[in-house]
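The structure under discussion appears below in the form of structure tokens.
The values are calculated or read from the model by the stated rules, or taken from the named source; none is laboratory data. Owing to the predicted nature of the structure, the values given are computational and were not obtained by experimental measurement. Note that each Cβ is placed from the backbone with ideal geometry, even for glycine, and that neighbours are counted across all protein chains shown.
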Amino acid sequence: MDFTFRVSGMAGDGVKGAGIIAGKVFSRLGYHVFVHVEYQSLIRGGHNAAVVRVSTQKLRCHRKYGDLLIALQDYVVPVHRRYVEQVLFDSSKFTLKEGLALPMSEFAAQTEAPPVFRNAAALGALCHLYGIDVEVLNQVYRDAYGEKAEKDIVLAEMGYSYAKKRFERIREVEQIGRPRALLDGNQSAGLGAVRAGLRCYYAYPMTPSTSLLHFLASHRRELGVTVVQPENEISAAIMAIGSAFAGTRAMVGTSGGGFALMQEAFSLAGMAEIPVLFLEAQRPGPSTGLPTWHAQQDLRFVLHAGHGEFPRIVASPCDVEDAFHLAGELLNLAWRFQTPAVLLMDRYLSESTATAEIDVDAVKEEPPLLYEGEPEDYRRYLITDSGISPLAFPPRVMLKVTGNEHDELGYTTDDAAQSAAMYEKRMRKEKAIEEELRRRQAVRTFGSGRDVVFTWGSSTGAVIEAAEELGLRVVQVRYLSPFPKWEVEHLEFERAACVECNYTGQLASLLKEHGCIEAELIPRHDGRPFTPDELVPRLREVFS
């Protein structure tokens, strides 16, 4: 079983909340769920949509076509009508020649509830249309809102009763297994970092990273994380460096524009060998661009971020589960190699919600190389064959950390021999990092076809589904710095394509640079993610 429905209205109609609540209903019945939300940069008005996909199989993406549209405003119907078979609409506000008329606003007025509550009536009707006991929805409301759920429950039952008397069912959905957890990509990444020892999170709000700030702040006590929103992105990065200097694992969350402001701090972390994890959730640019939409445009930027040369570790997850594991891995690797790391997310993954099967024990805090000698003998930047110096923290030792070139004790120097030796010491870490990544899943392969599709980030989900239909092999590049050329340069295939959400083919150019692979680019740069429905004909054209 695999089906899709949509909820759409304006900002202020509770569209995202309705989509998440609906997703929880199906996840409680044991189904896999994927909820994709589209919204404009508006507080009220405009056009919002939540696309909810339900399946008996694992989901990494949504689909365009489906059963039903729940229309909370009349002007959203032409936008979505061609993708659905039926429309359930608020007949108190407008009329349609064809559709399932439900007086949602009238029900809300009868219960003296604010208009936003009318979507509870729509979800009650949805339960009938899919053959679900409305009590499942009611319990979701109780768990989500506690005593405040009273009017939601009343409206849900009104909508259910009204629909039961008038509408035929679309499907018969039954309990098929145990309830499944629902997480968005940002939440999952945050939890993975916590499992790896995260204790301080710093961020200035910037879509699409902001939901992680809200999530960690809301659960800071049970997660044991200090959450700070400073006055700007520069302060967030500097505060994280200060925390790591004192021995506390720290993470920064932002998007492309915020990360641009952090460049001097990013370079400071490279020079001072401070381990900080940066979460960069991409959105379309340049400048403000499309602030609430999707893109994969910052890959080259992140790979070359900061001024000067220094090692950095960059990885990009493909789904909610991957975000958990990579966030934990990167935080541990940052501390192991004492260098900044970037978890390169994107809007589609950051803000989409999906059921997840996560083995939390697969990620744990891994200790760095610690200094065990006498405090007075400590050299923070001891030159070693690996480039990694043993760590110690105040108050056990006195430290000097600077953005200037320095000697082993941290004192500023411009001596040519000392400067070259310290520069080479830092850069030797690149070899050690590469050796470590050779033991990890720097690249993942799905399928076994002779023709191959390269991709990265959240585009991987849609590519996997489309490739399964066409018998293609998919290669997801997870680690992007150091680039896993040892994986890609020996791949055997007949023809290759590269799918990514940018104009210039940033991964495609890296494949050519590192693996001499000429892959035909299948780009998208309109702010929307790929879906399998759209990819199949484009891939068929390339490989026909």
### Message
For the range 274-310, give me each residue that is buried (at least 24 other Cβ atoms within 10 Å of the Cβ) and polar (S, T, N, Q).
### Response
Q282, Q296
### Task
Would you point out which residue out of Q338, Q296, Q263 is among the polar types (S, T, N, Q) and closer than 26 Å to Y39 by Cβ?
Q296
### Task
Can you tell me which residue among R495, R538 is over 21 Å from the mean Cα position of the chain (by Cα) and within 30 Å of G289 (Cα to Cα)?
R538
### Task
Kindly indicate whether any position in the range 319-327 is in contact (Cβ under 8 Å) with a residue 60 or more places away in the chain, of a type in the set (D, E), in a strand (DSSP E or B) and under 27 Å from A356 (Cα atoms).
no
### Query
Based on what the data block shows, is A240 buried (at least 21 other Cβ atoms within 10 Å of the Cβ) and among the hydrophobic types (A, V, I, L, M, F, W, C)?
yes
### Task
Say whether the condition of being of a type in the set (F, W, Y) and farther than 20 Å from I517 by Cα is met by at least one residue in the range 410-425.
yes
### Task
Scan the range 227-261 for residues that are in a loop (DSSP other than H, G, I, E, B), within 29 Å of T292 (Cα to Cα) and out of contact with any Pro (no Cβ under 8 Å at 6 or more places or on another chain) and report the count.
3
### Message
Condition check: outside the structural domain of L290 (by TED's automatic domain parsing), surrounded by fewer than 18 Cβ atoms within 10 Å (Cβ to Cβ), assigned to a helix (DSSP H, G or I) and aliphatic (A, V, I, L, M). Does V25 satisfy that?
### Response
no
### Query
Would a scan of the range 324-331 turn up a residue that is more than 30 Å from K400 (Cα to Cα) and buried (at least 24 other Cβ atoms within 10 Å of the Cβ)?
yes
### Summary
Within the range 262-271, the count of residues that are surrounded by fewer than 24 Cβ atoms within 10 Å (Cβ to Cβ) and either among the small types (G, A, S) or part of a loop (DSSP other than H, G, I, E, B) (or both) comes to 2
### Message
For the list (1) over 19 Å from the mean Cα position of the chain (by Cα); (2) under 29 Å from P291 (Cα atoms); (3) in contact (Cβ under 8 Å) with a residue 60 or more places away in the chain, I need the number of the one condition that F543 fails.
### Response
(2)
### Task
Name the one entry in L349, L331 that is touching a Cys at 6+ places or on another chain (Cβ under 9 Å), assigned to a helix (DSSP H, G or I) and either under 14 Å from M271 (Cα atoms) or of a type outside the set (V, I, T) (or both).
L349
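Here is a yes/no grid of residues against (1) in a loop (DSSP other than H, G, I, E, B); (2) among the aliphatic types (A, V, I, L, M); (3) more than 29 Å from E135 (Cα to Cα):
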| residue | (1), (2), (3) |
| --- | --- |
| A163 | no, yes, no |
| E172 | yes, no, no |
| I176 | yes, yes, no |
| L182 | no, yes, no |
| N186 | no, no, yes |
| G190 | no, no, yes |
| A193 | no, yes, yes |
| P205 | yes, no, yes |
| L213 | no, yes, yes |
## Note on the structure
Per the filter on the range 95-149, residues β-branched (V, I, T) and either crowded, with 22+ Cβ neighbours inside 10 Å or in contact with a helix residue (DSSP H, G or I) (Cβ under 7 Å, 6 or more places away or on another chain) (or both) are T111, I132, V134, V136, V140
### Query
Does the range 51-70 contain at least one residue that is among the basic types (K, R), assigned to a strand (DSSP E or B) and out of contact with any helix residue (DSSP H, G or I) (no Cβ under 6 Å at 6 or more places or on another chain)?
yes
### Residue list for the range 412-434, filter: loosely packed, with under 13 Cβ neighbours inside 10 Å and either assigned by TED's automatic domain parsing to the domain that holds S267 or more than 30 Å from L326 (Cβ to Cβ) (or both)
T412, D414, D415, A416, A417, A420
### Query
Residues in the range 39-49: is at least one hydrophobic (A, V, I, L, M, F, W, C) and crowded, with 24+ Cβ neighbours inside 10 Å?
no
### Query
Of the residues that sit in the range 150-165 and are in contact with a Gly (Cβ under 7 Å, 6 or more places away or on another chain) and free of Cβ contacts under 8 Å to residues at least 40 places away in the same chain, which one is surrounded by the most Cβ atoms within 10 Å (Cβ to Cβ)?
A156
### Task
Could you please find all residues in the range 381-403 being surrounded by 12 or more Cβ atoms within 10 Å (Cβ to Cβ), in contact (Cβ under 8 Å) with a residue 40 or more places away in the chain and assigned to a loop (DSSP other than H, G, I, E, B)?
Y381, I383, T384, S386, G387, I388, S389, F393, L399, V401, T402, G403
